[in-house]
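Below is one structure, written out as structure tokens; comments come after it.
Any read-out appearing in this document is the output of simple, stated calculations on the displayed coordinates, not a laboratory observation. No experiment lies behind these values; they were computed from the predicted model shown. Virtual Cβ from ideal backbone geometry, glycine too; neighbours counted across all protein chains shown.
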């Protein structure tokens, strides 16, 4: 199982990405989603992550 997080500041994009990942990639588990990079960075420091999606500027 690939574990991932989503870092995205647009709620609609988060919803769409979750839907796509859940429907097309059953081997990917979304652990969390964040709308602020600073909060995501703290989370990343605490876990061993493999993959994350981000379009935040």
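Worth a mention:
- In terms of surrounding Cβ atoms within a 10 Å radius of their Cβ, 17, 31 rank from fewest to most as 31, 17.
- Arranged from fewest to most other beta-carbon atoms within 10 Å of their beta carbon, 9, 33 become 9, 33.
- Gyration tensor verdict on region 9-54 (Cα atoms; rounded if a/c is under 1.5, prolate if a/b is larger than b/c, oblate otherwise): oblate
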